[in-house]
1. Go through the residues of region 33-41 one by one and say whether even a single one is over 10 Å from the mean Cα position of the chain (by Cα) and β-branched (Val, Ile, Thr).
2. When you scan region 120-141, how many residues do you find that are modelled with pLDDT of 95 or more, among the acidic types (Asp, Glu) and part of a loop (DSSP other than H, G, I, E, B)?
3. State yes or no: is Asp73 within 13 Å of the chain's Cα centre (by Cα), at pLDDT 95 or above and acidic (Asp, Glu)?
4. Can you tell me which residues in region 49-94 are of a type outside the set (A, V, I, L, M) and within 15 Å of Val122 (Cβ to Cβ)?
5. Could you please find all residues in region 1-20 being small (Gly, Ala, Ser) and within 21 Å of Phe35 (Cβ to Cβ)?
6. Report yes if Phe133 is crowded, with 16+ Cβ neighbours inside 10 Å, in contact with an Asp or Glu (Cβ under 7 Å, 6 or more places away or on another chain), touching a residue at least 24 places away in the same chain (Cβ under 8 Å) and farther than 24 Å from Glu15 by Cβ, otherwise no.
7. Return a yes/no flag: does region 83-92 have any residue that is acidic (Asp, Glu) and part of a strand (DSSP E or B).
8. If I go through region 9-24 residue by residue, how many of them are exposed (fewer than 12 other Cβ atoms within 10 Å of the Cβ) and closer than 29 Å to Gly129 by Cβ?
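The values are calculated or read from the model by the stated rules, or taken from the named source; none is laboratory data. Just so it is clear, the structure is predicted and the values come from calculations on it, not from any experiment. Neighbour counts run over all protein chains shown; Cβ positions are idealised from the backbone, glycine included.
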Amino acid sequence: MGERFVHELRVRYGECDPQGIVFNANYLLYFDVTFTELWREAVGPWLEMVERGFDAVVAHAELDFRAPARYDDLLSLPARVVRLGSSAITTEIDVMRGEELLVAMQARHVCVSTDTWQKTDVPPWVREGLERFLVDEAQPA
């Protein structure tokens, strides 16, 4: 298994709906925050990549809801890269409260050129950084 990456966050009051649970769309925000922190650890600040002429955009996202998070819960979000394709990166992030899995998320980001916004290969320095967090069962394509 690749290196382990876990981001923690606490549920804020404004992220909850009238039922007192985290509003479903906020889990995508949690995913984005965790993915950005994984990226920072693996590759560096996001804007450095953009300054080099590349960006990564979400092409697909899936969420599987198991149990609700509530205001003031401390959540841990373990993240792993499950596939590094020629132009796409697939990441899985779980939302955990203690040992309880609340939401399982998966997203595929596609690398694009900031000049044309067309799909492009994952830059070598990005691939090298993310390979640290690639799970063993996944094979680089």
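1. First pass over region 33-41, keeping only residues over 10 Å from the mean Cα position of the chain (by Cα): 40-41.
Now restrict to residues that are β-branched (Val, Ile, Thr): none.
No: zero hits.
2. 1
3. no
4. Across region 49-94, the qualifying residues are Arg52, Gly53, Phe54, Asp55, Arg83, Gly85, Ser86, Ser87, Thr90, Thr91.
5. Pass one, region 1-20, residues small (Gly, Ala, Ser): 2, 14, 20.
Result: Gly2, single match.
6. Numbers: crowded, with 16+ Cβ neighbours inside 10 Å: yes; in contact with an Asp or Glu (Cβ under 7 Å, 6 or more places away or on another chain): yes; touching a residue at least 24 places away in the same chain (Cβ under 8 Å): yes; farther than 24 Å from Glu15 by Cβ: yes.
Answer is yes for this residue.
7. Of the residues in region 83-92, the ones acidic (Asp, Glu) are 92.
Restricting the remaining residues to those that are part of a strand (DSSP E or B) gives 92.
The answer is yes; a qualifying residue exists.
8. Here is the first cut: in region 9-24, the residues exposed (fewer than 12 other Cβ atoms within 10 Å of the Cβ) are 10, 12-14, 18-20.
From what is left, the residues that are closer than 29 Å to Gly129 by Cβ are 10.
Adding up the residues that qualify gives 1.
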